[in-house]
Amino acid sequence: MYLTIVKDNLTFDHRNFGVELLDFKKTSLSPTNNYEVVENRHGLISTGTVWGGRKLTADFLIRAKDHIDLVLITDELMELFSTEEEIGLIDSRQPGKIWFVKVDGEFIPEQINHKISRVSIDFLSSSPFCRSLGSTLSSPIDYSNDEWQSIGGGINLEDDMVYSFNTTSFRVYNGGVSLDPKQLPLIIKFTGASSNLTIKNKTTGDVFSYSGTTKSSDTIELNRVRHLKNGVSIFAKTNHKRIKLNSGWNDFEVSGVTGLFQVNFDFNFWYK
């Protein structure tokens, strides 16, 4: 068991410092449950739940050649985790998932003897979720490599999990939590000729529509909550709606196409 640390676009392995990982753990999701009180009515009415950030803890054992080496390694470890920006943490037991965190508070090594010390470092992720290393268009989904985390249960869906389509009906698989582009990145691109284009996720009921026309070389992009045509906003000519993805399979339907076209979905899987 070990951690891969991603900092400033560089990758570090703490074992190269002479540091052993004893444990790496995360807290459960932290819910904030919202309620309303209605006059003359018993109890509360639930208005939803939101998740807070996530706390993680890594316990390290530092083994050195002598006391001077112990001080040097400790300084290197402190330098590695001294950053104002988020760093990435990848647990070797789940190599397809990455947490983006900041160190949460100070940490002081506990010296066991003149060559060995132990230190516990607390981290805080601003998101309750970690994400896949790969995105659906950056790398093919293959659970045999380290960019995708196996969903377990002996399920093998890689052959069906494609994210580029040229038919009016298709299915999109989301291997993580439900994805709302208002909160998590999702890019949908339509390229081709159309008039009054409509893209519908029949699973969620979400519908995007554009009242204009496109030529074969034009691209309509739904980038989170932005609606663009060839990079220019067309929000005023749309129905102002966004498309969400449920966890698992999502059935889509495209209408208004007047020629050859292609629809691409680019997103990460996000995990609890």
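Readers should treat all values here as calculations from the given coordinates under stated rules, not as data from a laboratory. Because the structure is predicted, anything quoted here is derived from the model rather than measured. FYI the Cβ positions are ideal-geometry reconstructions off the backbone, even for glycines, and counts take in every protein chain you see.
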#### Entry: Stretch in the chain that is longest and holds no GluC sites (Glu not before Pro) that DSSP places in a loop and that have at most 12 other beta carbons within 10 Å
107-272
## Note on the structure
For the chain, longest principal axis from Cα atoms; helix 67-80 axis from its Cα atoms; angle between them, nearest 10 degrees, is 20 degrees
#### Entry: Electrostatic dipole magnitude of the chain [Cβ: Lys, Arg +1; Asp, Glu -1; Cα centre; debye, to 20]
1160 debye
### Task
Considering only ILE188, ILE68, ILE116, give the residue with the highest GNM mean-square fluctuation for the chain, with springs between Cα atoms whenever their separation is below 10 Å.
ILE68
### Length released on extending from THR167 to LEU22, taking residue separation times 0.36 nm less the Cα-Cα span
47.1 nm
### Query
Between the DSSP loop rule and a limit of at most 16 other Cβ atoms within 10 Å, which trypsin sites (Lys or Arg not before Pro) in the stretch 61-111 are left?
LYS65, ARG93
### Task
May I ask you to derive the relative contact order of the stretch 155-267, considering only C-alpha pairs under 8 Å and at least 6 residues apart, and to give it as an integer percent?
42 percent
#### Entry: Calculated FRET efficiency for the pair LEU124/ASP75, C-beta based, R₀ 30 Å, to 0.05
0.80
### Task
Apply 1/(1 + (r/R0)^6) to the Cβ-Cβ distance of TYR2 and ILE116, taking R0 = 25 Å, and write down the FRET efficiency to the nearest 0.05.
0.90
### Task
Would you work out which of LEU3, VAL37, ILE98 lies farthest towards the positive end of the dipole of the stretch 3-128? Charges go on Cβ: Lys and Arg +1, Asp and Glu -1.
VAL37
### Task
Read through the labelled values (i) 6, 23, 24, 21, 15, 8, 3, 0; (ii) 6, 23, 26, 17, 13, 9, 4, 1, 0; (iii) 6, 27, 34, 24, 8, 0 and report the label of the one computed as P(r) over Cα pairs in 10 Å bins from 0, in percent from the structure.
(i)
### Message
If I build a Gaussian network model for the chain, linking alpha-carbon pairs within less than 10 angstrom, which residue out of GLY48, GLY96, GLY212 has the largest mean-square fluctuation?
### Response
GLY48
### Task
With label points built 7 Å along Cα→Cβ from the Cα atoms of GLU106 and THR83, find their separation and express it in nm.
2.3 nm
### Query
If you project the alpha carbons of the stretch 155-267 onto their three principal axes, what span does each projection cover, largest first, in Å?
41, 29, 22
### Task
With only Lys, Arg, Asp and Glu charged, each at its Cβ (+1 for the first two, -1 for the last two), find how big the charge dipole of the stretch 155-267 is about the Cα centre; round to the nearest 20 debye.
560 debye
### Query
Picking from ALA236, ALA64, ALA193, which is most flexible by a Gaussian network model of the chain using Cα springs under 10 Å?
ALA236
## Note on the structure
Pseudo-spin-label distance SER211 to LYS237, built 7 Å along Cα→Cβ, given in nm, is 1.1 nm
### Task
Apply the Debye scattering formula to the stretch 3-128, with a single equal point scatterer on each alpha-carbon and no solvent, then give log10 I(q)/I(0) at q = 0.11, 0.12, 0.15 Å⁻¹.
-0.48, -0.54, -0.73
#### Entry: Mean separation of Cα contacts under 8 Å, 6 or more apart, over the residue count of the chain: relative contact order %
17 percent
